[in-house]
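The values are calculated or read from the model by the stated rules, or taken from the named source; none is laboratory data. What you are looking at is a predicted structure, and each value in this text was computed from that prediction instead of being measured. Counting neighbours? That spans all protein chains shown, and the Cβs are built from the backbone with ideal geometry, glycine included.
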Amino acid sequence: MASSPRIPEAGTAPRIAVRNLDMAFGSYVVQRNVSFTIPAGEIFVIMGDSGCGKSTMLRHMIGLIRPTRGDVFYDGESFWHGDDPGRRMAISRRFGVLFQSGALWSSMTLAENVALPLTLYTRLDAREVAEMVALKLALVGLRGFEEFYPSEISGGMRKRAGLARAMALDPDILFLDEPSAGLDPLSSRRLDDLILELRDNLGSTVVIVTHELASIFAIADNAVFLDAETRTAIAHGNPRDLIDHADSPKVRKFLRRGEAAPAAI
Ligand SMILES: Nc1ncnc2c1ncn2[C@@H]1O[C@H](COP(=O)(O)OP(=O)(O)OP(=O)(O)O)[C@@H](O)[C@H]1O
Ligand SMILES: [Mg+2]
């Protein structure tokens, strides 16, 4: 029977473990030797300057890009180096993903967008799909907008519809790439509250790429900082600790930038 390599502490394995990951496009190295772990139910933030490799990291974690070196483990099970290709598919069924672009289908209504993963991956009949869609849209505050097209709603509503679609299959693990980018502070705050609620109510583990400081401090249990210059992770921990205690001044500065009041005008 095919089996997958497991990390040594598999009995108490974290929900996600990224181990010694190298990411590269051809000879261009994006990040080297990145490791971090995420326990079940945690909200984990991937932060760093534009172009450091945050979205690329997510793509490695969800199975779109194979690492040059290293591996990602889910509950102790190897994602990339197991010898049963079907297992990777099975593990990725547990994921819900909101891409940086949002990427709702513009020719489909919100209901049709959210229904798509349900019709593709479940055996629910039409009535059950409709019920599930209504439930998910209600969860993100979009009850009554089922028949709207993405072009007919606001940017914040589109993000929330994207979140509803990412949650359609009740994923164990949600990957969200810049969910609040481009939103006004109030909408951004609502989205943060929603993410916290999802974690609390559904027990999902959430991996978020964001550079919004308010979000980072409001929702992150832990975070990793990917550095574009040295091309590796230079900080890992709770952002409230990192703001004062990160070894790297760059990370402390990144987390403090909201506090920098102009000394003189
Ligand atoms: N498919 C690809 N082929 C080649 N290079 C790529 C590809 N995707 C990303 N890159 C490069 O990898 C680096 C990291 O890109 P990535 O999109 O992961 O950055 P990011 O941290 O998400 O940035 P942002 O905050 O702007 O979204 C960039 O230099 C980018 O040009
Ligand atoms: Mg990105």
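The table for this structure:
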{"item": "Matching residues, region 56-83, being β-branched (V, I, T), more than 16 Å from ligand 2 (Cβ to nearest atom) and out of contact with any helix residue (DSSP H, G or I) (no Cβ under 8 Å at 6 or more places or on another chain)", "result": "T68"}
{"item": "Residue count, region 25-40 (criterion: crowded, with 17+ Cβ neighbours inside 10 Å, of a type in the set (A, V, I, L, M, F, W, C) and more than 9 Å from ligand 1 (Cβ to nearest atom))", "result": "3"}
{"item": "Selection count where residues are in a loop (DSSP other than H, G, I, E, B) and surrounded by fewer than 18 Cβ atoms within 10 Å (Cβ to Cβ), scope region 81-98", "result": "5"}
{"item": "Residue under evaluation T230, criteria (1) crowded, with 22+ Cβ neighbours inside 10 Å; (2) of a type in the set (V, I, T); (3) assigned to a loop (DSSP other than H, G, I, E, B), criterion not met", "result": "(1)"}
{"item": "Subset of region 56-75 [closer than 13 Å to V34 by Cβ and within 15 Å of ligand 1 (Cβ to nearest atom)]", "result": "T56, M57, L58, H60, M61, P67, T68"}
{"item": "Criterion (more than 16 Å from ligand 1 (Cβ to nearest atom), more than 25 Å from A181 (Cβ to Cβ), at pLDDT 90 or above and small (G, A, S)) met by exactly one of S107, S78", "result": "S78"}
{"item": "Filter result for G86 (small (G, A, S) and either within 16 Å of ligand 2 (Cβ to nearest atom) or within 16 Å of the chain's Cα centre (by Cα) (or both))", "result": "no"}
{"item": "Subset tally (residues that are assigned to a loop (DSSP other than H, G, I, E, B), in contact with a strand residue (DSSP E or B) (Cβ under 8 Å, 6 or more places away or on another chain) and on the phi < 0 side of the Ramachandran plot) for region 173-197", "result": "1"}
{"item": "Selection count where residues are more than 16 Å from ligand 2 (Cβ to nearest atom), of a type outside the set (A, V, I, L, M) and closer than 15 Å to F225 by Cβ, scope region 16-43", "result": "4"}
{"item": "Answer from G144, G155 - the residue that is surrounded by fewer than 18 Cβ atoms within 10 Å (Cβ to Cβ), of a type outside the set (S, T, N, Q) and either within 16 Å of ligand 1 (Cβ to nearest atom) or under 20 Å from the mean Cα position of the chain (by Cα) (or both)", "result": "G155"}
{"item": "Some residue of region 199-220 being in contact (Cβ under 8 Å) with a residue 40 or more places away in the chain, out of contact with any strand residue (DSSP E or B) (no Cβ under 8 Å at 6 or more places or on another chain), within 13 Å of V45 (Cβ to Cβ) and surrounded by fewer than 22 Cβ atoms within 10 Å (Cβ to Cβ)", "result": "yes"}
